[in-house]
1. To the nearest Å, what is the center-to-center distance of segment 180-258 and segment 135-173, using C-alpha atoms only?
2. If you build a Gaussian network model of the chain, linking Cα atoms that sit under 10 Å apart, which residue out of Trp123, Trp135, Trp161 swings the most?
3. Rank His118, His63, His216 by accessible area, highest first, at a 1.4 Å probe radius?
4. I'd like the carbon and sulfur percentage of the solvent accessible area for the chain, probe radius 1.4 Å, heavy atoms only, ligands and nucleic acids excluded.
5. Distance check, please: which entries in Lys13/Lys239; Lys122/Lys239; Lys201/Lys246; Lys94/Lys239; Lys13/Lys153 exceed 26 angstrom between their Cα atoms?
6. Beyond 23 Å, what share of the Cα-Cα pairs of segment 139-294 is found? Please give it as a whole percent.
7. If you filter segment 46-86 for chymotrypsin sites (Phe, Trp or Tyr not before Pro), then keep DSSP loop positions with at most 15 other Cβ within 10 Å, what is left?
8. Please work out the average accessible area per residue across segment 139-294, using the 1.4 Å probe convention, and give it in Å².
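The values are calculated or read from the model by the stated rules, or taken from the named source; none is laboratory data. Just so we're clear, the structure is a prediction, and the values are computed from it rather than from any experiment. Methodologically, a virtual Cβ is constructed for each residue, glycine included, from the backbone with ideal geometry; neighbour enumeration extends over all protein chains shown. Surface areas here come from the heavy atoms of the whole protein model, side chains and all, with no ligands, DNA or RNA. Shrake-Rupley method; radii C 1.70, N 1.55, O 1.52, S 1.80 Å.
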Amino acid sequence: MRSFAGRDILSLKEFERQEFFRVFEIAERLEPIARNRQNSDLLKNKTLVTAFYQPSTRTRLAHEAAMHRLGGHVTGFSDAKMTRAGDFYQESIKDTVKMLEFYGDVIVMRHFQQGAPHEAAKWASIPIINGGDGWGEHPTQILTDLYTVLREKGRIDGLKWLAVGDMRMRTMHSLGYALSQFDCPITFVAPPDMGLTPEFKAELSQYSVNWKEADHVEQAIAEADVILVEPVVQPDYTKSRDERGKEVALTPANYRITRELLSTKAKSDAILLHSLPRMDEIPVDVDITRWSRSWQEAFNGVVMRMALLALILGATE
Ligand code: CP
């Protein structure tokens, strides 16, 4: 297995099966620190730089919280408009990261352009973590989701997945690549104009993912052990900021997971994941059902980033 020390986390396409389990093992080991709301000194001499060119609540703050839990330091920006990348100069990724590498020891970057973190990794002498790039990938989110499945179900192999949402989404790409390393059949349900792209379908087959498509969640939910939902009413992820200008549409029934649907059709022990933010695809009254794991996912989001930071910064091998 390759060492994580000094490594970029850009894509789950690059992840091998043993590497997933290594990250999960470290996450489990560090979890008590976060669960007991303590801080440790594992990364006391290290600094995380956050470079967020797109809005985020969870990804940026979970990385920052993880760094604090491990005794490290944090600097960075959450709005590129306040940097030279977002004003008259439109400073390049290269010039920006050639500065940031002197301000810390690892950079987590979210960007509206697919491939921007990969470009940053070409120039930076410190590791880059992809915090979501356009429609590209969101590897740390799917690592969090897989870890949540492992913790909640006790295993990953042998579980059937249902993924509902916009299949152009970065999380869906990371999910597809990740499941290539596990025995996990998956059914995708998406609106016709948000379906799997031909390129991604070809990749799923190339990577031996056992996948199929359905039109309506009702057709697929009964066999699912893990139901992962993302919005179909959502912003354009290729823009730096997409504010809500007018009333938005409601999510069609095909892509909504309601309490009634879960009660009548889902497996009794299935788990429901949504990384958030949400629109109306999971009504709030689902939150208190036994299927929902969104808040466990949120907690695990911090634990997962603790594990990645500890591994990348060489605090644990
Ligand atoms: N799940 C997720 O990526 O949330 P943020 O956009 O708030 O980071």
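1. Computed from Cα coordinates, the inter-centre distance equals 11 Å.
2. Result: Trp123 has the largest fluctuation of those listed.
3. Values: His118 70, His63 0, His216 40 Å².
Descending accessible area places them as His118, His216, His63.
4. On the way: 6720 of 13920 Å².
Of the solvent-accessible surface of the chain, carbon and sulfur hold 48 percent.
5. Working: Lys13/Lys239 24 Å; Lys122/Lys239 23 Å; Lys201/Lys246 33 Å; Lys94/Lys239 20 Å; Lys13/Lys153 24 Å.
Beyond 26 Å between Cα atoms: Lys201/Lys246.
6. Working: 3949 of 12090 pairs.
So the portion of pairs separated by more than 23 Å is 33 percent.
7. On the way: sites: Phe52, Tyr53, Phe77; in loops: Tyr53.
Passing sites in segment 46-86 do not exist.
8. Values: 6710 Å² over 156 residues.
Per residue, segment 139-294 has an accessible area of 43 Å².
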